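Colleague: Sharing a structure below in structure tokens format, with a few things to ask.
Every number here is computed from the coordinates shown, using simple stated rules; none is lab data. Fair warning: this is a prediction, and the values are worked out from it, not measured in the lab. No Cβ is skipped: glycine too gets one built from the backbone with ideal geometry, and neighbour counts run over all protein chains shown.
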Amino acid sequence: MTLTQTPASSIADINQRAVALCSAGQFADALPLVAPLLENTSLPNDQRADAFNIAGACSFALRQWADAENYWRQCLYLKPDYVDVYASLGSLFSSLGRLSAAKSTYQRWVSLRPLDANAHYQLGNVLYGLGYRAEAEAAFRQAVTIHPDHAEAHYNHGIVLRDLRRPQEAEAAYRHALRGLRGHAELHNNLGIVLMELGRLAEADAAYREALTLKPQYPEALNNFAGVLKAMRQLADAEQACRLAIAIRPDYAEAHLNLGAVLVDLDRVSEAEAAYREALAHRADYAEAHYNLGVALFRQERYEEAEQAYRDAIRCQPLLAHAHNNLGCVLRVLERFPEALDAFQQALAVSPQLAEAHSNIANALTQIGRFAEAESAYRQAIAFKPDYTEARFGLGVLLLGFGRFDEGWPLYECRYQQPHFVHRQSQTMLGFAQWQGEPLAGKSVLLWQEDGLGDMLQFSRYVPLLKALGAAHIAFACAPALHRLIAKVEGVDAVLDHHGALTRAATYDCWTSPLSVPLYLRTTLDTIPRPARMSAEPALIEHWRPTLDALPPGHRVGLVWKGNAKHHNDANRSMPSLATLAPLWTVPGLNFVSLQKGQGEDEARNPPLAQPLLDLGARVTDFADSAAIVAQLDLVICVDTSIAHLAASLGKPCWVLLPERDADWRWMHERDDSPWYPHTLRLFRRAPGEDWASSVERVRQACVERFGGAL
């Protein structure tokens, strides 16, 4: 028998015809053409390897993955340095998600052809998919070094550089990629993300707009565009962008989240809550949505629900430091201080340099009277974030309570840097020079009330000192209820309401808050000026005398049991009701007069039968009336409210019942007298765990000691 062999030229021709069919997409026709060559072991290895490569390509195109892998592996067995097959086999492994196999295959490709930019590029893609960010970055960098115009490699290099938090380099990579991919909407979107991170909002805005021009129905770009619009405070446009993204993709949880954030900024908190809940409907384990829902619920003072939302965020993402921190804030409001401190410590366990958590620990420690530890925590917060005005202000308040005025007063000025404080608005509204301690000779000064009525009474003592510094004209802008009383303060040349003062703003050389003056006059605990000389108008005394003289014989005691309902600490400062003071009625020879204004007036008008009370508070028109009444009393007993400052400034004995927590700094820490009113004021502090009844009992005993049974 004579054997015949297929000529080499014919084999090459078969392979070429198969390649042509593949190029035409006719893979099903090309595969049978090379099939006889695969089993012919008499063929040269190179030509047979070519046939296996073609068979692998056909099988890959026909989605016959196992056959493709088998053909290519046999190809490499015959020809181990067949570079193109490593590229193809790596592509197969990548498409099947077998990234570790793809990695080793591409590494072999790179070793065989180290100057092939595409080999490094494909290896970088697989390394990135495996989570090897640094190695992927090196591969992409090598690709663009070899081939500087490899736009796709620049693009993917930018992605990994951003992941590695190297935004400047990522921007450069994206801009290189733009030379070859200018019509690539995703590239413009990613460039916008990096520019946002770099704080270059206008450029980010332009990048997102370009992405949306190229691809108008692009929800990711719309969502990111909303972010830059929000940052530029174009909130209505930001809301529209979010809603467009959601219209395109209703289940887009991130867009619902961002819509909620925009709505919070628009102060539409209930709508924001709904947006966050919609995000969670599409992604139940979305930690950021649980967290933001907690923020919205906290804003609505729904604290128990906010607590649960923060706990859900932590369940989904235990290392979310801000969720632990905000959970602590909720628990602090709920006065669950041990739990709050634990939550703040959990935040620090995740992020030890989180200044907000250190500051919140200080706030909680202050509330429970652990002042030395609180000071240390405030200082730690400031060490990590030197411009942290909230912590600086908190430390200032704490130090003022210690009487450490030299450091406390400057820190207290941080209230002007707090965005949610009214003080910040004062600077914007007034728009002219705020006094910083400059010489006042011949100057006109506007004193501007931005704090409470009691604050104005307490710090009006500084008006004569400003006059002594040479101020030619001092106008005091304050609430109308203070006008008649403040007008009598030494050194006050004019009393105005706030609107009237604003209309005359151009006539003043400078303005200041009365609470800022101690800083520039360098007030220390030993140099606190005496209270302003306040006196009741004789005509008003005579007006109120018949009413007071109608009381039975005995000592007259003024009462105030509730403060301003809008005060942040009213729940602690105010007593539950008039009935709390009932034990005082057992002291013989006392007649009680209500000076209560606002909340509590109804109780004063209709006291229990066992608590006879002359209700005058509801009948007074301003502090001048109150002064005329207080001048005819023997004692004022009150909670921390403006009447305490009025009585003490009039030289009338005043006893102030202070809350267990958050007692105002002006009453100092752990003392029962006041350097601000050294001869007239006595403090009754609630001890930790003590209720109002115990404090009132101590006041009752003090009344017995002071008045006995004498009339």
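Colleague: Count charges around Pro514 for me, please; just the other residues with Cβ under 10 Å from its Cβ, Lys/Arg as +1, Asp/Glu as -1.
Modeller: -2
Colleague: Give the distance, in whole Å, between the Cα centre of segment 529-589 and the Cα centre of segment 218-232.
Modeller: 58 Å
Colleague: Suppose R0 equals 25 Å; then what is the FRET efficiency for Arg545 and Glu690 from their Cβ-Cβ distance, rounded to the nearest 0.05?
Modeller: 0.05
Colleague: Using alpha carbon centroids, what distance separates segment 647-694 and segment 256-306, in Å?
Modeller: Segment 647-694 and segment 256-306 have Cα centres separated by 41 Å.
Colleague: Something else about it: With no solvent and one point on each alpha carbon, what is the Debye value of log10 I(q)/I(0) for the chain at q = 0.06, 0.09, 0.11 Å⁻¹?
Modeller: Once normalised to I(0) and log-transformed, intensities are -0.57, -0.95, -1.23.
Colleague: Using only alpha carbon positions, build the gyration tensor of segment 70-144, then give the equivalent ellipsoid semi-axes as the square roots of 5 times its eigenvalues, largest first, whole angstrom.
Modeller: 21, 14, 8
Colleague: Just order 61-67, 590-596 by mean Cβ neighbour count inside 10 Å, highest at the front, would you?
Modeller: Taking the mean over residues of other Cβ atoms within 10 Å, the ranking is 590-596, 61-67.
Colleague: OK, next. Sticking with the crude label model, points 7 Å out along Cα→Cβ, report the distance from Ala349 to Ala383 in nm, one decimal please.
Modeller: In this crude label model, Ala349 to Ala383 measures out at 2.2 nm.
Colleague: If you project the alpha carbons of segment 319-417 onto their three principal axes, what span does each projection cover, largest first, in Å?
Modeller: 39, 25, 21
Colleague: In what sequence do Cys703, Cys75, Cys510 fall when counting other Cβ within 10 Å, fewest first?
Modeller: Cys510, Cys703, Cys75
Colleague: Add +1 for every Lys or Arg and -1 for every Asp or Glu among the other residues with Cβ under 11 Å from the Cβ of Arg556, and state the total.
Modeller: The answer is -1.
Colleague: Still on this structure, I have one more. Between His567 and Ser95, take the C-beta separation as r, use R0 = 56 Å, and let me know the FRET efficiency to the nearest 0.05.
Modeller: With R0 = 56 Å, the Cβ-Cβ based efficiency is 0.25.
Colleague: Which three semi-axes in whole Å describe the equivalent ellipsoid of segment 538-707, each the square root of 5 times a Cα gyration tensor eigenvalue, listed largest first?
Modeller: Sorted largest first and rounded, they come to 23, 18, 16 Å.
Colleague: May I pose another question? Rank these for me by crowding, Thr366, Thr680, Thr145, going from fewest to most other beta carbons within 10 Å.
Modeller: Least to most surrounded, the residues fall as Thr145, Thr680, Thr366.
Colleague: For Leu453, Leu161, Leu235, what ranking results if the residue with the fewest other Cβ atoms within 10 Å of its Cβ goes first?
Modeller: The most exposed by this proxy come first: Leu235, Leu453, Leu161.
Colleague: Determine the gain in length on full extension of the stretch Ser104-Asp672; use 0.36 nm per residue of separation and subtract their C-alpha separation, reporting nm with one decimal.
Modeller: So the extension gain works out to 196.7 nm.
Colleague: Decide, for segment 423-520, between rounded, prolate and oblate: order the square roots of the alpha carbon gyration tensor eigenvalues as a ≥ b ≥ c, take rounded if a/c falls under 1.5, and otherwise choose prolate if a/b is larger than b/c, else oblate.
Modeller: rounded
Colleague: Would you calculate, for the chain, the mean residue ellipticity at 222 nm contributed by helices, counting each DSSP H stretch of 4 or more residues as -39,500 (n - 2.57) and dividing by all residues, to the nearest 500?
Modeller: Counting only the DSSP helices, I get -17500 deg cm²/dmol.
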